[in-house]
Amino acid sequence: LCCGTNSESPWLQCVLTGNWTNDLGSNMTIGEVNGKGEFSGSYYTAVTASKDKIKVSPLQGSQQRTNQKRQPTFGFTVNWSFTETTTVFTGQCFVNSKGEEVLKTMWLLRSHVGDIKDDWKAT
């Protein structure tokens with residue numbers, strides 16, 4: 001997910017709060033990170049395997065809270081509003097050589113299955 005610019009800080013600190021767009025055109029908005037490192041927001045995916053109409057979906061997350069780390073790790077969960085799936089993301093915020101904030105993430109998506117025998121194909 002990319003990009004915001006941070007021209008205010010000479011130390012180029014990443015700030016998760018704001019609007020983010022990934023390479024596939026999905027959009028995410030993260031609200032203010034509170035003193036506990038918690039945040040909420042919304043995610044609008046540009047891609048899905050579902051046949052249902054894509055809707056904006058809520059997200060809840062947490063950022064590592066250390067003042068010494070200017071490129072924090074974080075994680076968040078998206079509870080998809082249009083399908084019976086949940087995705088968890090984990091990653092880190094970086095500032096690239098152009099001074100742009102970039103989020104590098106990995107994710108796992110869990111789909112609903114009707115029987116424990118189908119658990120193998122749900123994640």
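The values are calculated or read from the model by the stated rules, or taken from the named source; none is laboratory data. None of these values were measured; they are calculated from a predicted model. Heads up, the Cβs are rebuilt from the backbone with ideal geometry, glycines too, and the neighbour counts pull from every protein chain shown. Each accessible area value is taken on the protein alone, full model and side chains, heavy atoms only, with ligands, DNA and RNA left out. Shrake-Rupley method; radii C 1.70, N 1.55, O 1.52, S 1.80 Å.
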> Which of the residues belonging to the stretch 42-61 are touching a strand residue (DSSP E or B) at 6+ places or on another chain (Cβ under 7 Å), of a type outside the set (A, V, I, L, M) and either open to solvent by less than 60 Å² (accessible area, probe 1.4 Å) or not in a strand (DSSP E or B) (or both)?
Replying inline: Ser42, Tyr43, Ser57, Gly61
>> Looking only at residues that are touching a Lys or Arg at 6+ places or on another chain (Cβ under 8 Å) and under 22 Å from Gly99 (Cα atoms) in the stretch 10-50, which one is modelled with the lowest pLDDT?
In response: Trp11
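This table checks each residue for (1) assigned to a loop (DSSP other than H, G, I, E, B); (2) open to solvent by less than 70 Å² (accessible area, probe 1.4 Å); (3) among the small types (Gly, Ala, Ser).
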| site | (1), (2), (3) |
| --- | --- |
| Leu24 | yes, no, no |
| Met28 | no, yes, no |
| Glu32 | yes, no, no |
| Ser40 | no, yes, yes |
| Thr86 | no, yes, no |
| Phe94 | no, no, no |
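Looking only at the stretch 98-121, decide whether some residue is of a type in the set (A, V, I, L, M), surrounded by 13 or more Cβ atoms within 10 Å (Cβ to Cβ) and more than 21 Å from Asn34 (Cα to Cα). Steps first, answer last, please.
Residues of the stretch 98-121 of a type in the set (A, V, I, L, M): 102-103, 106, 108-109, 113, 116.
Then drop every residue that is not surrounded by 13 or more Cβ atoms within 10 Å (Cβ to Cβ), which leaves 102-103, 109, 113.
Going one step further and asking which of them are more than 21 Å from Asn34 (Cα to Cα), we end up with 109, 113.
Checked against the condition, which is being of a type in the set (A, V, I, L, M), surrounded by 13 or more Cβ atoms within 10 Å (Cβ to Cβ) and more than 21 Å from Asn34 (Cα to Cα), the stretch 98-121 yields at least one hit.
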